[in-house]
């Protein structure tokens, strides 16, 4: 475990030094929160638009950090031969995935605190239920970190860059985060309902409205949180593209 925690510290420092990564992970969700609060495009029953936008912004922050930021950075590390050098150390693929996921989780806690603070300044009202929030962030991080590492370990760096950004755009617009799944056309609704974005958004929404979502979102997220990291660990290649 000491090796995992040492690598986690390195990953966290590298993440905080990547300006382009911080734009995606920190600036984009915050900008979306402010914009959709000022320009209330989402249909909601909330008296304050920010109350409906905040869960969506946190969901997007988790996806942006764990899938896009982590996946793209790891893909280029693999392309540059950095990971091949790590492959010659006692650090296993599973340990590397764990270290990267822990560093992502640390960044996400900062993001969540920042987004909640901004939402409060924009007039958000109501309490926060910590348990579903932590559960959603933890399961979402595991699932989307696994997806990001799966793409990084199997695609060329340039292809991974394109696929990760395209996937993020699809999930943001049609993944059940900003637009409810049942409001989408039937084919898109069927696809979105099996992806991890919608159940993650449901779990995080519960943390702010206190309305239980049932067992289905939790079961879906748990399955994704197990399947994606396992698939990434089994298929990840240390060698450059």
### Message
Which of 163, 34, 191 ends up with the largest GNM mean-square fluctuation for the chain, with Cα atoms connected below 10 Å?
### Response
191
### Message
Between the stretch 79-157 and the stretch 165-200, how far is it from one alpha carbon centroid to the other, in angstrom?
### Response
20 Å
## Note on the structure
For 41, 16, 28, ascending order of other Cβ atoms within 10 Å (fewest first) is 41, 16, 28
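Just to verify a number: FRET efficiency for residue 237 and residue 162, C-beta to C-beta distance, R0 = 25 Å, to 0.05?
0.85
Against the globular-protein guess of 2.2 N^0.38 Å, express the Cα radius of gyration of the stretch 2-235 as a ratio, rounded to two decimals.
In units of the 2.2 N^0.38 Å rule of thumb, it is 0.99.
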## Note on the structure
Each label sits 7 Å from Cα toward the beta-carbon; between residue 121 and residue 38 the label points are separated, in nm, by 1.2 nm
### Query
Using the Cα atoms as the points, what is the convex hull volume per residue of the stretch 131-171 in Å³?
56 Å³
### Message
Using Cβ contacts closer than 10 Å as the measure, can you line up 209, 202 from fewest to most?
### Response
209, 202
### Least to most buried among 38, 147 (fewest other Cβ within 10 Å first)
38, 147
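Throughout, read-outs are computed from the coordinates displayed, never taken from laboratory work. Predicted, not measured: the structure shown is a model, and the values here were computed from it. Glycine also receives a Cβ, built like all others from the backbone with ideal geometry; neighbour counts cover every protein chain displayed.
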